Amino acid sequence: MKHKKIKIATALVVVGLIGGVIYNQVTAKKSYDYSDYYVETKTTKKESKKENEEASEKELSLSLLKQTNKDVVGILEFDDRIIYEPIVQASNNDYYVRKNINKEYANPEYHLYRQMEI
């Protein structure tokens, strides 16, 4: 009887954990999505049967980013684009700590938490 209760409790905990992970993955929102700001470029030559064929590559467009937000000052590229992000600068150093380039809170839960704090 005691072992049966332990097994049921363990099963409930495992189901709850799996449910929590699934819920988190489904409701998770990407904080930063810059896919609208990529443009095609032809910068690298691709070795193939055709000698003059160039491979198209996508990169962030600084001009498109600046049209969205005048605070964009550059693009950070590091280690073959493992880090490839726009850089924003405001007069207040804390302004973009939790905000994206659209000046919206990147994580909605953080915004709600900040409202409760005040």
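The values are calculated or read from the model by the stated rules, or taken from the named source; none is laboratory data. Predicted model, so just to flag it, every value in this text is computed and none were measured. Note that each Cβ is placed from the backbone with ideal geometry, even for glycine, and that neighbours are counted across all protein chains shown. These area figures cover heavy atoms from the full protein model, side chains too; ligands, DNA and RNA do not enter into them. Shrake-Rupley method; radii C 1.70, N 1.55, O 1.52, S 1.80 Å.
Could you say whether any residue in the range 62-79 is of a type in the set (D, E, K, R), modelled with pLDDT under 60 and over 19 Å from the mean Cα position of the chain (by Cα)? Scanning the range 62-79 turns up no residue that is of a type in the set (D, E, K, R), modelled with pLDDT under 60 and over 19 Å from the mean Cα position of the chain (by Cα).
Residue count for the range 81-102 satisfying the condition of being at pLDDT 85 or above, among the charged types (D, E, K, R), within 15 Å of the chain's Cα centre (by Cα) and over 11 Å from Tyr32 (Cα atoms): 0.
Within the range 64-80, is there a residue that is open to solvent by 100 Å² or more (accessible area, probe 1.4 Å), closer than 19 Å to Tyr37 by Cα and touching a Phe, Trp or Tyr at 6+ places or on another chain (Cβ under 8 Å)? Taking every residue of the range 64-80 in turn, at least one turns out to be open to solvent by 100 Å² or more (accessible area, probe 1.4 Å), closer than 19 Å to Tyr37 by Cα and touching a Phe, Trp or Tyr at 6+ places or on another chain (Cβ under 8 Å). Within the range 1-20, the set of residues being in a helix (DSSP H, G or I) and modelled with pLDDT under 85 comprises just one member, Lys2.
Among the residues making up the range 55-94, those that are farther than 18 Å from Glu40 by Cα, touching a residue at least 12 places away in the same chain (Cβ under 8 Å) and outside any strand (DSSP E or B) are Thr68, Asn69, Asp71, Gln89, Ala90.
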